[in-house]
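The values are calculated or read from the model by the stated rules, or taken from the named source; none is laboratory data. Since this is a predicted model, take the numbers as computed values, not measurements. Reconstructed Cβ throughout: ideal geometry from the backbone, glycine too, with neighbour counts over all protein chains shown. Ligands, DNA and RNA are excluded from the accessible area calculation, which covers all protein heavy atoms including side chains. Shrake-Rupley method; radii C 1.70, N 1.55, O 1.52, S 1.80 Å.
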Amino acid sequence: MGINNLLSDIGLPGLGCKPVLTDSKPRVVIVGAGFGGLAAAEKTAEAGCDVTLIDRNPYTTFQPLLYQVATGGLNPGDVTYRLRSFAANNGPHTHFRRACVTGIDTENRIVEVDNGDPISYDYLVLSQGVGANFFGTPGAAENSYTIYTRASSLRARDAIFTYLEDLDTQRDKTFDVIIVGGGPTGVEMAGTLAEMKSIGIPAIFPDVSTDRVHVTLVEMANHLLMPFDPALRHYTRRQLQKRGVDVRTNTAIAEVREDSVLLKDGQTLPADMVIWAAGVGAHKSVTNWGFEQGRGGRIATDGTLLVKGQDRIFAVGDGAINTEDPKPQLAQPAIQGGECVARQIVHLELGEPLEKFEYNDKGTMATIGRNSAVVQLSEKLKFTGIGAWLTWVTVHIFTLLGGRNRLQAMINLGARYIAFHREAGAIVGDVLSEEGKENMNKNALRDDDEKGAKPIDGKE
């Protein structure tokens, strides 16, 4: 959406390249550089605002492809983009501050941070995102791997590589991986690991029987990919089972142990590695900001995306919940919410009433493996197979920030899935020592803990 569309949507004439807020130039501070935060930064800058983007990392991460980093299909640099480059490309009135928010003074309109001076604002946009939610499951935080951040994905990659290497020298050893959560992340991870088992191991470890690798996908609900059409769900399950994944629905986790998983029905499954993809929750630090929180600890907003009880603070993305009309925690609601916030700020500056956020559902998709995916664009337009897979690849590559990232991802994914899939099926990482294996899970949340953003573990 360009500035002409932005202005026409709020009833203003298009002004070409000229911003509409030439006189007031309000200061907009945006916390978090995910999909919603970047969309808000781009559109508020176009409208003529002075924008400061805050994030604890110097880069933004394309989270939908982190599972590819964890399984060696993409490099970390393929799915990350420097925020200083984003700010520079977004115009002279966009600035970036690498910092964590330590407090928000709503009376004086100041954001307190742990790096540099406090930042004053006229409008504040909260798009801080979320972290893993273990729903109070005993042992899950200590003994599970997650793939929600660059660092955690690299830890998972090195663990997978280490266990595969052990198979070559320890003849009586097996590698049992349990993936918890049957949403897109869990399905995509399970499908990729299954292909690594059937394609990568015979090519790279010819003396290792594929029977020694077991991939299990556990989902508490009745079906995988619950928001999808039933026919797409059934297709997904069949494809995973065809690839050798043990799919278990209606299965709840009671406890995650160092070497096993205890199910609520009393059964114990051996587990060298547990990958937690069962859901997300708000960061604990958000509680200290003093705003009303809804389900999962997400910041509560009204239908205009204003934070409850505030008149200049908006919240978008996975870390926010519109209590009047909740939206799914996906990229598109976050992006459209960020764009809507830019329009809302223009409305407020011009003394006009705010609009209700209207979400345009452009569909959803998930990949299962090479030449297999599910795409649901509307009630009638749904498809599977290689056409869906090519659609998934095209959309995800196009959405990446930066021409280099798009080209590199296209080359790497092409090598993995099309031209040299046997060789590309082998993951490359660091081999962990025995001490490293013991400490790996204990450090699973270290990147969040050190930033003061440890996820909430309570049930939704």
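Of note:
- The condition (being open to solvent by 40 Å² or more (accessible area, probe 1.4 Å), more than 30 Å from Pro58 (Cα to Cα) and either touching a strand residue (DSSP E or B) at 6+ places or on another chain (Cβ under 6 Å) or assigned to a helix (DSSP H, G or I) (or both)) is satisfied by just one residue among Ala254, Ala231, Ala194: Ala231.
- Within the option set Thr301, Thr268, Thr249, Thr287, being modelled with pLDDT under 95, of a type in the set (Ser, Thr, Tyr) and in contact with a strand residue (DSSP E or B) (Cβ under 9 Å, 6 or more places away or on another chain) holds for one residue only, Thr287.
- Count of residues meeting criterion [hydroxyl-bearing (Ser, Thr, Tyr) and assigned to a loop (DSSP other than H, G, I, E, B)] in the stretch 234-251: 2
- Subset of the stretch 280-308 [part of a loop (DSSP other than H, G, I, E, B) and either open to solvent by 20 Å² or more (accessible area, probe 1.4 Å) or over 30 Å from Thr71 (Cβ atoms) (or both)]: Gly290, Phe291, Glu292, Gly294, Asp302, Gly303, Thr304, Leu305, Lys308
- The condition of being at pLDDT 95 or above and open to solvent by 20 Å² or more (accessible area, probe 1.4 Å) holds for only one of Asn57, Asn75, that being Asn57.
- When Leu217, Leu225 are checked against the criterion of being part of a strand (DSSP E or B), hydrophobic (A, V, I, L, M, F, W, C) and either more than 26 Å from Glu379 (Cα to Cα) or touching a helix residue (DSSP H, G or I) at 6+ places or on another chain (Cβ under 6 Å) (or both), Leu217 stands alone in meeting it.
- Hits in the stretch 107-129 - residues which are crowded, with 18+ Cβ neighbours inside 10 Å and not small (Gly, Ala, Ser): Val111, Val113, Ile119, Tyr121, Tyr123, Leu124, Val125, Leu126, Gln128
- When Asp158 is tested against (1) open to solvent by less than 30 Å² (accessible area, probe 1.4 Å); (2) in contact with an Asp or Glu (Cβ under 8 Å, 6 or more places away or on another chain); (3) in the same structural domain as Thr80 (by the TED database), exactly one condition is not met: (3).
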